[in-house]
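Student: Have a look at this one before I ask anything.
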Amino acid sequence: MQLRTGYELIYYFPQPTPIILLVNIHDSRASDIVIPTRLTTEPPTPISSYRDAFGNRCHRVLAPAGRLRLAADGVIRDSGQPDEVVSAAGQDSVQDLPQDTLVFLLGSRYCETDLLSQTAWQLFGGTPPGYPRVQAICDYVHNHIAFDYQNARATRSAAEAFNERTGVCRDYAHLAIAFCRCMNIPARYCTGYLGDVGTPPPFPPGDFAAWFEAWIGGRWHLFDPRNNVPRMSRVLMARGRDACDVAIATTFGPNILESFKVWTDEIPADMEYRYEIPGTAA
């Protein structure tokens, strides 16, 4: 199947303001792209690009004073299959972990392993290691936190989400990541699109989503403690240690976010696009 993905962000800046944007579909999905979600700005503004320390493609923009519209709209091919479940995946010993996974064992801005380690071992020390342990963590987090979009807070950490028992998808991901790291399981934060394909209405307003990946059985596996069931139409944008590394927009000055729209819509089969990006056809 094909998905139409995109966003529109409208800011007001009282003065020229640098921005870092992380709004590209991840390179791991490059071969699936039918029409790319190229960033456009109104008024037209120069855009430069670079790769961050985690391999994500980022944009830099010097926003002019006044109103700035940032938008993209594209099409990506998706398998239509739900998230993979590999319940037999075992847990790797720390001494056997690849070097590039070790950073995802450490505490980070939103995932305070030092504050949660004792709790994690009390809760999960008796669970079977590997996939069952990570799933037990997801089950606990899913039931422990009450989703409340109105109560979202950009500064809420994993320890605070644990104590407050409320949050949004990023809080579910942060707490599960912190628990995994406490249990010597590398875990990294993921952000991207997640549509409502395969779920019953009514559908909530569009937004970007957060989930995580855990290193077990010799590779990364996807987990989503917010929904805690395999979902379809998931499109990765970026990975990092936590939300601090993969913020959609990082602004270096005062601003007002006037409008925020995100969409991930299934395209009917009889309306699918046939265009292919040169060099990316499967």
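Student: If you count only protein heavy atoms with a 1.4 Å probe, what accessible area per residue comes out for the chain, rounded to a whole Å²?
Tutor: In whole numbers, the chain has 47 Å² accessible per residue.
Student: Here is a further query. Calculated FRET efficiency, residue 244 and residue 270, Cβ-Cβ r, R0 35 Å, to nearest 0.05?
Tutor: After rounding, the FRET efficiency stands at 0.20.
Student: Let me cross-check residue 244: its accessible surface, 1.4 Å probe, with only protein heavy atoms counted, in Å² to the nearest 10?
Tutor: Ignoring ligands and nucleic acids, residue 244 comes out at about 80 Å².
Student: On a 0 to 90° scale, report how tilted helix 131-144 is relative to the longest principal axis of the chain, with both axes built from alpha carbons and the result rounded to the nearest 10.
Tutor: 70 degrees
Student: Using the alpha-carbon atoms, what tilt in degrees (0 to 90, nearest 10) does helix 113-124 show relative to the longest principal axis of the chain?
Tutor: Helix 113-124 and the main axis of the chain meet at about 60 degrees.
Student: Run the simple label-point estimate for residue 79 and residue 203 please: 7 Å along Cα→C-beta, distance reported in nm.
Tutor: Reported label-point gap for residue 79 and residue 203 is 2.2 nm.
Student: So, one more: Sorted by accessible area with a 1.4 angstrom probe, largest first, how do 117, 157 fall?
Tutor: These residues rank, largest area first, as 117, 157.
Student: If you roll a 1.4 Å probe over the chain with all protein chains in place, what percent of the accessible area is carbon or sulfur?
Tutor: Ligands and nucleic acids excluded, carbon and sulfur reach 54 percent.
Student: Let me ask you something else. So how tilted is helix 169-182 from the main axis of the chain? Cα-based, degrees 0 to 90, rounded to 10.
Tutor: 40 degrees
Student: Here is a follow-up. At a 1.4 Å probe radius, which order do 7, 110, 273, 50 fall into by accessible area, largest first?
Tutor: Of 7, 110, 273, 50, the descending order of accessible area is 273, 50, 110, 7.
Student: Also, I was wondering about something else. Post the alpha-carbon centroid distance, the stretch 203-226 to the stretch 128-194, in whole angstrom.
Tutor: Computed from Cα coordinates, the inter-centre distance equals 10 Å.
The values are calculated or read from the model by the stated rules, or taken from the named source; none is laboratory data. All values reported here derive from a predicted model rather than from experimental measurement. All Cβ positions, glycine included, derive from the backbone under ideal geometry; neighbour counts span all protein chains shown. Please note that ligands, DNA and RNA were not included when accessible areas were found on the heavy atoms of the full protein model with its side chains. Shrake-Rupley method; radii C 1.70, N 1.55, O 1.52, S 1.80 Å.
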